[in-house]
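A short write-up of the structure that comes next.
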């Protein structure tokens, strides 16, 4: 019995830090889970818990080996924290999905990186900093997401028709007159059949313009197919 009480007295504070890391990581993970992100509750808990465990183990070794300023052994906590953050970068990179026209997963990757920082601060015993960091992270992910910020919208417009490229010139001129910028374009034409296919990446400032452009092109019978993502 005394043996177990001794373990609790020596390691109780480290166990508490791991439990706090699990709770704080779970709070961020719940927000990500409710938004249907791949890195949800369990992933964020494991990241925060693992980051805290590395720091806790590092500090426990320092106490057991009595590593001090005069010791020949040097154990720098900053190196352990840097190793955790670097390792988490590979996990965060796996959540980013990049295609030709869009990039997704940046916020999830950033949240994983911040969760690892929360785990590091908990492992160091900085409870106030870790709790404040968790609250600020939740504000950034949940509250700021609801702000009515109007930004530019990008989407690819696919057009198919049979004939020459004058029709594409007419369409692009009309789109630019509507105040919409064409950021990129690709055109394919088969000389033997006259079949044409074009993809225009548009930047729209007002969201109402996308429906207007799409409806106008759908009504144009010269096109065989009109689509966008």
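Points worth noting:
- Looking only at residues of the range 193-217 that are surrounded by fewer than 14 Cβ atoms within 10 Å (Cβ to Cβ) and modelled with pLDDT of 85 or more, we find that the one that is farthest from residue 153 (Cα to Cα) is 193.
- Residue check for residue 167: touching a strand residue (DSSP E or B) at 6+ places or on another chain (Cβ under 9 Å) and surrounded by 12 or more Cβ atoms within 10 Å (Cβ to Cβ): yes
- Selection count, the range 1-36, where residues are under 30 Å from residue 63 (Cα atoms), modelled with pLDDT under 85 and assigned to a helix (DSSP H, G or I): 14
- Residue check for residue 79: assigned to a helix (DSSP H, G or I), over 24 Å from residue 137 (Cα atoms), at pLDDT 70 or above and not assigned by TED's automatic domain parsing to the domain that holds residue 157: yes
- Test: residue 121 is outside the structural domain of residue 59 (by TED's automatic domain parsing), surrounded by 11 or more Cβ atoms within 10 Å (Cβ to Cβ) and in contact (Cβ under 8 Å) with a residue 12 or more places away in the chain: no
- The range 131-155, residues that are modelled with pLDDT of 85 or more and more than 16 Å from the chain's Cα centre (by Cα): 131, 132, 133, 134, 135, 136
The values are calculated or read from the model by the stated rules, or taken from the named source; none is laboratory data. Note that the coordinates shown come from a computational prediction; the quantities given were computed from them, not determined experimentally. Don't worry about glycine lacking a Cβ; one is built from the backbone with ideal geometry, like all the others, and counts go over all protein chains shown.
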